[in-house]
Amino acid sequence: MSKQRTLGLIKPDALERGKQGAIIDRILSKGFKIVAMKQIRLTKAQAETFYAEHAARPFFGSLTGYMVSGQIVAMVLEKENAIADWRTLMGATNPEKADAGTIRKDFAVDMEKNSVHGSDSETSAAREVPFFFSALEY
Ligand code: UDP
Ligand code: MG
C-alpha cells in the first residue's frame, strides 16, 4: 500500500493536562511522519462545522462546547495505511472499551474527553485535512 495522509487532533483535555508531548511521542514511535502541525483554538462555529455529521446527536452541544474549551493540536499524519493505523493507535471512542496500549485507554478522561481525533475514512480525511491546513502547509 502506498503512503496515505490523515488528520489527527489532540483534544483540549489532553493539552489541559500537558499530555500532548507524550501523545506525539507515541505517534512518532509508531512510524507516522508529522507532515504538518499547529496549535489553535477553534470557534464554536468551526467546531460545529467540523463535527457536522453529528449535528443531530444528543451529545453535539456538549461535544462542540468541549472542543472550544481550550486549544487543540492539529496534525497531518503520513504513513502507509495511515487512516486505519491512526484509528488503531487511538483506540475505541469509549476509553473503557479501548484496547490496552492505545492512546485513549491511557490518556482519555471519558467518552467525550477522549484526548484524540482521527479521520475515519478516506472520504473523511479528504474533507478534514483541508479543513485545518492549506496546501501550502504540507
Ligand atoms: N462523543 C461523545 N459521546 C458519544 C459519542 C461521541 O461525547 O456518545 C464525542 C467523542 O469526543 C467522540 C466525538 O464525539 O470522539 C465524535 O464521535 P465519533 O462517534 O465520531 O467518535 P470517534 O470517531 O472520535 O471515535
Ligand atoms: Mg468520528
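The values are calculated or read from the model by the stated rules, or taken from the named source; none is laboratory data. For clarity, every value in this text was computed on a predicted model and none was experimentally measured. Virtual Cβ from ideal backbone geometry, glycine too; neighbours counted across all protein chains shown. Accessible surface is based on the protein model in full, side chains and every heavy atom, while ligands, DNA and RNA are left aside. Shrake-Rupley method; radii C 1.70, N 1.55, O 1.52, S 1.80 Å.
Which of the residues that make up region 1-56 are open to solvent by 70 Å² or more (accessible area, probe 1.4 Å) and small (Gly, Ala, Ser)?
SER2, SER29, ALA56
The rows are residues; the columns are (1) more than 13 Å from ligand 1 (Cβ to nearest atom); (2) open to solvent by 80 Å² or more (accessible area, probe 1.4 Å); (3) acidic (Asp, Glu).
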position	(1), (2), (3)
ASN81	yes, no, no
PRO95	no, no, no
GLY118	no, no, no
ALA125	no, no, no
GLU128	no, no, yes
SER134	yes, no, no
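Which condition number in (1) closer than 20 Å to GLU128 by Cβ; (2) in contact with a strand residue (DSSP E or B) (Cβ under 9 Å, 6 or more places away or on another chain) is the one that LYS19 fails?
(1)
Going through region 111-126 one residue at a time, which ones are under 11 Å from GLY8 (Cα atoms), in contact (Cβ under 8 Å) with a residue 60 or more places away in the chain and touching a helix residue (DSSP H, G or I) at 6+ places or on another chain (Cβ under 7 Å)?
Across region 111-126, the qualifying residues are SER115, VAL116, GLY118, SER119, ALA125.
Residues of region 1-47 being among the small types (Gly, Ala, Ser) and under 10 Å from VAL73 (Cα atoms), which ones?
GLY8, ALA14
Any residue that is buried (at least 19 other Cβ atoms within 10 Å of the Cβ), touching a residue at least 12 places away in the same chain (Cβ under 8 Å) and under 25 Å from TYR138 (Cβ atoms) - is there at least one of those in region 58-72?
There is at least one residue in region 58-72 that is buried (at least 19 other Cβ atoms within 10 Å of the Cβ), touching a residue at least 12 places away in the same chain (Cβ under 8 Å) and under 25 Å from TYR138 (Cβ atoms).
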